[in-house]
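All remarks here apply to the structure that follows.
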Amino acid sequence: MPAPLPPSLAAAVEGCLGDLAARHRVVDVPVDGLEAALKQTPVTLSTMGRGLAADRWYFLAAAAAGRHAAGLLGGREVSRR
C-alpha cells in the first residue's frame, strides 16, 4: 500500500480491506521519489483516460507495488523470454 496516504484515503482503504487484512499481509511502501519518476517517464501514463494529475494515487499505488516487487527480488536479475 502506498505510504503515507492522506488520512481520508487511508481510512477508506482500511475500510475496504476488511477481512482481507486478516488473510493477507498488507505492506506499506514509501512513495518518496516515485511521483517525480512517474512525471519523467517517456510514455504517456493513462488509465481509463485519466493521467497522473487526475489519478495520482492509482499510479503511485502501481509504482509502490513495483518498488516492493523489486525489493523482494533483492537485486536479483529477472530472466526474460
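Bear in mind that the values in this text are calculations on the coordinates, not laboratory data. Quick caveat: nothing in here was measured; it's all calculated off a predicted structure. Don't worry about glycine lacking a Cβ; one is built from the backbone with ideal geometry, like all the others, and counts go over all protein chains shown.
Worth pointing out:
- Relative packing of 5-13, 42-50, 58-66, 29-37, which averages over residues the other C-beta atoms within 10 Å, highest first: 58-66, 29-37, 5-13, 42-50
- Its alpha carbons considered, the chain gives a radius of gyration followed by a Dmax of 14.4, 42 Å.
- Couplings 3J(HN,Hα) for segment 58-70, derived from phi with the Karplus relation 6.51 cos²θ - 1.76 cosθ + 1.60 (θ = phi - 60°), are 4, 5, 5, 5, 5, 5, 5, 4, x, 4, 5, 4, 4 Hz, where x marks Gly and Pro.
- The stretch between Tyr58 and Ala22 holds 10.6 nm of extra length on full extension. This uses 0.36 nm per residue minus the Cα-Cα distance.
- The chain: calculated mean residue ellipticity at 222 nm from DSSP helix runs of at least 4, using -39500 (n - 2.57): -14000 deg cm²/dmol
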